[in-house]
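The values are calculated or read from the model by the stated rules, or taken from the named source; none is laboratory data. None of the values given here were measured: they were computed from a predicted structure. Here Cβ is always computed from backbone atoms with ideal geometry, including for glycine, and neighbour counts include all displayed protein chains.
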């Protein structure tokens, strides 16, 4: 079955590329066109002139801006085809000429193209608007020049523009460079979510798309690529959204809706949803993003989650608003806005699981444990956020706060036992628990930044001051009933019925100050060229209070447990002053290249103080820590005009982990004899030294771009806090802690993207890889051991689209995990394979079919191999004139094979877990997509 799926993906991609690339295969090879632009009056070369190539049908083939020498050069131009070249510039008449690269030649040199100044005295001037123009340093895409369906969106328009790619995850790249900020009339559109913007705004409401580089808010000397959608006059007042209701077999249901309003200053969203099919958005944006007018296509981000464990009924509701005080400003450093949102979520879940674990004690001695758990939980949460941003020339203020309340309750039962090598049960540890808790959190974040890089005469360039506050209050009531039975020595049997009343409070503060550009402050701008300094100071203040009241059942009444009952308060202060020095080396040639090398060294000292006060004398611990935490980085940037840009950086960091009081001297709770937590008063702080290498490459060629990135890190932990476990034949565990050297890790993440654009189709390839390896020391029954844990994840994806008729996405992923214990001579491994295929076919503009199928294979080194397939299909029919109404027929888990099997390796354990999951059902859904931009009906273009 898996082979058939992979074969299908290959055949479809091959068929697609052969069908739509047949002409390219049969046509002549591509060539190059170049030339120079001059004006007639002064015979000057013209820089920043817009040079556009058109096919015979007037569709845009390519475009670019002439450089400082008036030069332009197009590559990958078809040979033997009649083309048209247009040259335009502000104040000049448009130069237009038909051209063809002769067969048998690969280069057409147009020499000098002379354009004439526009004669403004003419009585009648006919000005045609080109699809692509340059205005100073801004690329402008004129929407009126592209003829699309009346219901087309901005995303449909962008897919028609050469050199622009819209990826499946919503990322936009222009000449291979990612657009970091997507704006509408100069401001964010519903938190700047690309899908919400591109798939809701109609093309007919758009005047032009402006693409330009903007200053980086965190580094004004750097820049990011920005795309701004300029709407037609009056189109900045709008509403859009979705209302849907569905009912299916087994009484499954789903109701969701959102409505969004915009004015020049205000944006408002109202959302709500309830279902019992594992569709629970974590925030307002998730629901809005997956309810766009255009639809989700091959995306399965917000679908019934057949991989989520348990059966979950969820209800959510919320509102979100943002208000812009300066809606018409065109200055990047002159903006002020306020935003707020409220989100409610209620989840009822039923979770059942079975776990089988193999624990290796020595080469020929293992313990086999089994557990069966059943839990019913209910949780209700309220979350409120607000944010204020003020940006005025050199001053920037950001203030935000979050307040959340959570209430939860649950009932759980556990059946557990342990067996020896002869499969004889040695002990059982069954139990049940009930819990109720309420939790309140408040977070405040404030940041002030002053930047004065535009005034070179002033020595003081800027600083940044931030303050963070986190407050928490949690109350919980819990009852634990356990019955431990020792089948080897019955006198060791234990029964517990214990109540816990816990109140925890925390008050944590963080203050961070950074003063930049010390060189200018002390020595002026002309001294120590390209050297600079920075001063930083960070202060963390934490206050935590923990009050526990524990009671044990004695006869028919509960009596206080004096050992576990406690009142503990911890105060901790960490102060980290630092000084950085940096040196920049740069080299550039206008319109050719820009190269920069930066070296930065930071010396910092971390001073820590921890004070623990408890009614238990052994927890009254007072400690001081003093550590040197240096940092260093080197980065290289290479920008080759019109070809590619490359970023490489290497960073060294040092971090400190201070042992907590619960690691030093915990109160050991004996209700679970399979897991008794002990401490170690002699623990010292752990120091992690890490090295990180990152690489980013953006392909800026005109078509068929190849972009990739990679991030790798290695780390060494000195005095790592590790486990020292003692396990007996009955699976009773005493887990102590210790310090040990030799803990290491290595991590790698990579991402490659390749796009191919044809006349009516687009093919995109993606590859991601991750690799993690950890070498962790530990003690088991007094024997020192190294556990080597490795995990990998590799995924290949192919996405093909043909016009607005057909979309296909195929993925193949393989994940592995392994654990090896050197001294125990054991090794466990698990391999997971997933093949998936998602398709979207629009039979007409109103009728479409969506389908996704995934083949899953779970192959552990211990236990059975599991294979299952999840196949979902949807039939969608849009009706009404504006395609605003939809009826959907859904078939989920058609083969009724969904299973949840998890395999994971620990230090000296391997566990196979089975969970209950959602299974097959069918559903009918009715939806309506209200959408209107502008006070009057949109004019069709």
The residue that is modelled with the highest pLDDT, considering only those in the stretch 154-166 that are assigned to a strand (DSSP E or B) and either closer than 16 Å to residue 61 by Cα or out of contact with any strand residue (DSSP E or B) (no Cβ under 6 Å at 6 or more places or on another chain) (or both), is 164
Of the listed residues (925, 907, 912), the one being surrounded by 19 or more Cβ atoms within 10 Å (Cβ to Cβ) and assigned to a loop (DSSP other than H, G, I, E, B) is 907
- Message: Would you confirm, using the coordinates I've provided, whether residue 393 is within 33 Å of the chain's Cα centre (by Cα), closer than 30 Å to residue 212 by Cβ and not assigned by TED's automatic domain parsing to the domain that holds residue 492?
- Response: no
If you go through 523, 460, the only one that is out of contact with any helix residue (DSSP H, G or I) (no Cβ under 9 Å at 6 or more places or on another chain) and surrounded by fewer than 16 Cβ atoms within 10 Å (Cβ to Cβ) is 523
Go through the residues of the stretch 742-749 one by one and say whether even a single one is touching a residue at least 40 places away in the same chain (Cβ under 8 Å), assigned to a loop (DSSP other than H, G, I, E, B) and surrounded by fewer than 17 Cβ atoms within 10 Å (Cβ to Cβ). yes
Given the conditions (1) touching a residue at least 12 places away in the same chain (Cβ under 8 Å); (2) surrounded by fewer than 17 Cβ atoms within 10 Å (Cβ to Cβ); (3) under 30 Å from residue 364 (Cα atoms), every one holds for residue 865 apart from (1)
Only one of 421, 377, 373, 414 is in a loop (DSSP other than H, G, I, E, B) and more than 28 Å from the chain's Cα centre (by Cα), namely 421
Among the residues that make up the stretch 135-158, is at least one of them surrounded by fewer than 18 Cβ atoms within 10 Å (Cβ to Cβ), assigned by TED's automatic domain parsing to the domain that holds residue 67 and at positive phi? yes
Does at least one position in the stretch 487-504 carry a residue that is in contact with a helix residue (DSSP H, G or I) (Cβ under 9 Å, 6 or more places away or on another chain) and either without any contact (Cβ under 8 Å) to a residue 60 or more places away in the chain or closer than 21 Å to residue 730 by Cβ (or both)? no
Scanning the stretch 392-425 for residues that are under 20 Å from residue 338 (Cβ atoms) and in contact (Cβ under 8 Å) with a residue 60 or more places away in the chain, the one surrounded by the fewest Cβ atoms within 10 Å (Cβ to Cβ) turns out to be 393
Wholly inside the stretch 566-632, strands (runs of 3 or more DSSP E) that include 2 or more residues that are modelled with pLDDT of 95 or more and in contact with a helix residue (DSSP H, G or I) (Cβ under 7 Å, 6 or more places away or on another chain) are 566-589
Of the residues in the stretch 255-278, those that are on the phi < 0 side of the Ramachandran plot, part of a loop (DSSP other than H, G, I, E, B) and surrounded by fewer than 22 Cβ atoms within 10 Å (Cβ to Cβ) come to 263, 264, 265, 276
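When you look at residue 815, is it buried (at least 19 other Cβ atoms within 10 Å of the Cβ) and modelled with pLDDT of 90 or more, yes or no?
Here the answer is no, as residue 815 does not meet what is asked.
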Of 927, 823, the only residue that is touching a strand residue (DSSP E or B) at 6+ places or on another chain (Cβ under 7 Å), in the same structural domain as residue 674 (by TED's automatic domain parsing) and modelled with pLDDT of 90 or more is 927
When the stretch 196-207 is checked residue by residue, the ones that are under 19 Å from residue 148 (Cα atoms) and part of a helix (DSSP H, G or I) are 197, 198, 203, 204, 205
The one condition residue 898 fails out of (1) outside any loop (DSSP other than H, G, I, E, B); (2) surrounded by 16 or more Cβ atoms within 10 Å (Cβ to Cβ) is (1)
When restricted to 556, 561, the only residue over 33 Å from the mean Cα position of the chain (by Cα) and surrounded by fewer than 16 Cβ atoms within 10 Å (Cβ to Cβ) is 556
Worksheet item: Going by the structure shown, is residue 244 farther than 17 Å from residue 178 by Cβ and modelled with pLDDT under 90?
Response: no
TODO: Could you please let me know if residue 881 is touching a residue at least 40 places away in the same chain (Cβ under 8 Å) and surrounded by fewer than 18 Cβ atoms within 10 Å (Cβ to Cβ)?
DONE: no
Residue count, the stretch 77-96, condition assigned to a strand (DSSP E or B) and under 26 Å from residue 148 (Cα atoms), comes to 9
Scanning the stretch 38-53 for residues that are buried (at least 19 other Cβ atoms within 10 Å of the Cβ) and either in the same structural domain as residue 592 (by TED's automatic domain parsing) or under 38 Å from the mean Cα position of the chain (by Cα) (or both) gives 50, 51, 52, 53
Restrict the check to the stretch 652-659 and report whether at least one residue is part of a loop (DSSP other than H, G, I, E, B), more than 26 Å from the chain's Cα centre (by Cα) and within 17 Å of residue 682 (Cα to Cα). yes
Note: among 60, 90, just one is touching a strand residue (DSSP E or B) at 6+ places or on another chain (Cβ under 8 Å), assigned by TED's automatic domain parsing to the domain that holds residue 35, over 15 Å from residue 35 (Cβ atoms) and surrounded by fewer than 16 Cβ atoms within 10 Å (Cβ to Cβ), namely 90
Of 889, 837, the only residue that is surrounded by 19 or more Cβ atoms within 10 Å (Cβ to Cβ) and more than 30 Å from residue 146 (Cβ to Cβ) is 837
